[in-house]
Amino acid sequence: MQNQIKHYQEKLSYEMDSADLFEALQKGEKISAIDARKVEGYNLEHIPGAISLPHRNMNESTTAHLDKNILYVTYCDGIGCNASTFGALKMAQLGFKVKELIGGLDWWKRDGYSTEGEKAVITNQMVKCYC
């Protein structure tokens, strides 16, 4: 039983779902979403207030302006895309606190949250706080 508890505690320390991210953004917590996909994907549609930082471009120089005291949540399209995993790994290697968004942008939209970009979807679940 203790092994199970430890397993799930560890799992939750590495990932977050869209409802938890939305709530944290609404509350103004020290958290920021990072879209780890190519810039073209970000331009089409992204989580409101997210930073575009493709995982292939993450390095000390491209992250120098980021605050290491906040939590970053990396995301990509969703299942079948591992840009968020690569992004989380690189951010951790660069010394940032990071989690991965379960289900990515796909599950964010399935949960009814708004997006920004050329193909933005506006719902009644809009992020009020841009961190």
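Nothing in this text is a laboratory measurement; each read-out follows from the coordinates by a stated rule. Keep in mind that this is a model prediction, so the values were computed, not measured. For neighbour counting, all protein chains shown are included, and Cβ atoms are generated from backbone atoms with ideal geometry for every residue, glycine included.
How high is the FRET efficiency between residue 7 and residue 40 when r is their beta carbon distance and R₀ equals 30 Å, given to the nearest 0.05?
Numbers: r = 37 Å, r/R0 = 1.25.
So, using R0 = 30 Å, E works out to roughly 0.20.
Loop by DSSP (not H, G, I, E, B), at most 14 other beta-carbon atoms within 10 Å: where is the longest site-free stretch of the chain for trypsin sites (Lys or Arg not before Pro)?
Free of exposed loop sites, the longest segment is 69-118.
Nearest 500 deg cm²/dmol is fine: what mean residue ellipticity at 222 nm does the chain get from its DSSP H runs of n ≥ 4 alone, each adding -39,500 (n - 2.57), divided by its residue count? Don't jump to the answer; show the numbers that get you there.
Working: 5 runs with 45 residues, N = 131.
After summing the helix terms and dividing by residue count, I get -9500 deg cm²/dmol.
Considering the dipole of segment 38-131 built from charges on the beta carbon (Lys and Arg +1, Asp and Glu -1) around the Cα centre, which of 114, 104, 72 is farthest to its positive end?
72
Taking every DSSP beta bridge with both residues inside the chain, roughly what % is antiparallel (nearest 5)?
Numbers: 1 of 15 bridges.
Antiparallel bridges: around 5 percent, rounded to the nearest 5.
Amide H to amide H, which residues 5 or more places from residue 33 or on other chains are under 5 Å from it, using H placed in the peptide plane?
Distant-sequence amide H within range of residue 33: 51, 73.
To two decimal places, what compactness ratio does the chain give when its Cα radius of gyration is scaled by 2.2 N^0.38 Å?
Numbers: Rg = 14.3 Å, N = 131, 2.2 N^0.38 = 14.0 Å.
Compactness ratio reported: 1.02.
Express the relative contact order of segment 2-110 as a whole percentage, based on alpha carbon pairs under 8 Å and six or more residues apart in sequence. Walk me through the intermediate numbers first.
Values: 174 pairs, mean separation 33.7, N = 109.
In percent, rounded to a whole number, it is 31.
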